[in-house]
Amino acid sequence: MTRKRRRLYMVVVGMVCLAVATGLVLNAFNQDLVFFYSPSEVAKKPPVAGRMIRIGGLVEMGSVKRVGGGPGIVFKVTDGKFDLNVAYTGVLPDLFREGQGVVAEGALDQSGALVASQILAKHDEKYMPPEVVAALKKSGQWRENEAASANAAAALPGGKSL
Amino acid sequence: MATTFNLHRFANPARFMRLTDVVLPWLSAAAVASLAIGLVMAFRAPPDYQQGETVRIMFIHVPAAMMGMMCYACMAVASAAALIWRHPLADVAAQAAAPLGAGFTLLCLVTGSLWGAPMWGTWWVWDARLTSVLILFFLYLGYIALANAFDDPERGARAAAILSLVGVINLPIIHFSVNWWNTLHQPASIVRMGGPTIDPSILHPLLIMALAFQFIFLALWILRTRTALVRAKIDTLRQRAAAASGVDRG
């Protein structure tokens, strides 16, 4: 019985030590574990021009514009406080639209705008059929920013507001 | 004391065989029935307002992800029981669970990738959620490899059990990765503060599918454990027969 108890304590103590060690390591690498930065973070601590970064936020309503009739577009990524100009030429994912979450990967140019080499759409955690959305819109309960605010929350560092 | 005694009762392989003789057919029937109902519901569910028909991938992806993690938790509990109490059944059960968990996790990764390509615009990104699930998959593979890497199966089982306990730390990381760090993967929709954010017409098929996957896992886990026990018995009988014939010749 005592040997069993000793083994039990060893396993428990081992697990606790491991959990603490992992927690410390993850905490130390916190900044490197985020997949993207928000426009606010870029405004606070501008990265070096030319270095690859990812910016995440919402595509600002009404900001998407085609450039010179070609395949290139420009738009603004916002997190509600700051926004950032993004230029991109290439194929856009299905979910890319105004008011939706987006992650743009690229480098800042001299003017502070992001020249993106890849655009990823970020989906929120809401799932519903189109009829429900229509019904919500009809009854006036649908707010365009509601889905948007969930994304904006996710775009903030660590998703603190969740 | 009483609980330890009870645990010992169920850890007895002969008792386990007798109990599962009765339980396994019912579990298998429940798995088939719930999967049939779940699949019909999944195809009758309405499309999503943003994703369209692609949302149906979720009916496989989310249950597979849940079972990948659930299976690891089962494996780790069995491993702990094997390490601490040396139950004869625990190592067998832990090793029987590993390939199932690896399968579920691979299914989760593949279906997630198929969803990500049209929706996100990429098959794969190295964000915290995707990377931690990939680590889970490698933990399963490492566990299977380690358990079979020793000439003495008992040493292999012990090493693998320790590895599986170390890997438990990955489970909370997977679950909370979407809250702790910003990831491309969306936050939790079902297990979250303030209730699910999925419309009932899409949530209900998903829950039935999750239940079906649960039954499938339990049925297969019990079946694999029984097979391993029978195999061990045959091996013992063979060795005994070989030893007896050796004695006869001598």
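Here, each number is a calculation from the coordinates, and none is a lab measurement. Since the structure is predicted, the reported quantities are computational estimates derived from the model, not experimental observations. All Cβ positions, glycine included, derive from the backbone under ideal geometry; neighbour counts span all protein chains shown.
Tabulated results
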read-out: Residue-span extension gain [residue A:45 to residue A:29] - 0.36 nm each, minus C-alpha spacing; value: 4.0 nm
read-out: Length released on extending from residue B:145 to residue B:188, taking residue separation times 0.36 nm less the Cα-Cα span; value: 12.3 nm
read-out: Qualifying trypsin sites (Lys or Arg not before Pro) for the stretch B:147-250 [loop in DSSP, other Cβ within 10 Å: at most 14]; value: B:192
read-out: Given charges at Cβ of Lys, Arg, Asp, Glu: chain A dipole, positive-most of A:13, A:114, A:42; value: A:13
read-out: Point-charge dipole on Cβ atoms (K/R +1, D/E -1) for the stretch A:35-159, about Cα centre, debye to 20; value: 160 debye
read-out: Cα long-axis angle, helix B:170-180 against chain B (0 to 90 degrees, to the nearest 10); value: 10 degrees
read-out: GNM flexibility winner over chain B from B:19, B:165, B:114 (Cα, springs under 10 Å); value: B:19
read-out: Computed label-point distance, nm, for sites residue A:91 and residue B:134 using a 7 Å Cα→Cβ extension; value: 2.1 nm
read-out: For the protein assembly as shown, with +1 on Lys and Arg beta carbons and -1 on Asp and Glu, the positive-most of B:178, B:54, B:227 along the dipole; value: B:227
read-out: Over the protein assembly as shown: helical MRE at 222 nm, DSSP H runs n ≥ 4 each giving -39500 (n - 2.57), nearest 500; value: -21500 deg cm²/dmol
read-out: Calculated FRET value between residue B:37 and residue B:14, using beta carbons and R₀ = 30 Å, to 0.05; value: 0.25
read-out: 16 Å Cα cut-off, lysine pairs counted over the protein assembly as shown (separation 8 or more, or different chains); value: 6
read-out: Separation of the residue B:53 and residue B:117 label points, Cα + 7 Å toward Cβ, nm; value: 1.5 nm
read-out: Tilt relative to chain B, helix B:153-167 - C-alpha long axis, 0 to 90 degrees, to 10; value: 20 degrees
read-out: Relative contact order %, chain B, counting alpha carbon pairs below 8 Å whose residues are six or more apart; value: 30 percent
read-out: Global geometry of the stretch B:10-151, whether rounded, prolate or oblate, following the gyration tensor of its Cα atoms and the 1.5 cut on a/c; value: oblate
read-out: By average C-beta atoms within 10 angstrom, highest first, the peptides B:204-211, B:119-126; value: B:204-211, B:119-126
read-out: Test item: Cα-centred dipole of the protein assembly as shown, Lys/Arg +1 and Asp/Glu -1 on Cβ, debye; value: 1520 debye
read-out: Gain in span if fully extended, residue A:19 to residue A:4, counting 0.36 nm per residue against the direct Cα distance; value: 3.1 nm
read-out: Helix axis angle, B:200-249 relative to chain B longest principal axis, alpha carbon, degrees; value: 20 degrees
read-out: Prolate/oblate/rounded label for the protein assembly as shown (Cα gyration tensor, a/c 1.5); value: prolate
read-out: FRET efficiency, residue B:22 to residue B:235 (Cβ-Cβ, R0 35 Å, nearest 0.05); value: 0.85
read-out: The stretch B:103-250, relative contact order [Cα under 8 Å, separation at least 6], %; value: 16 percent
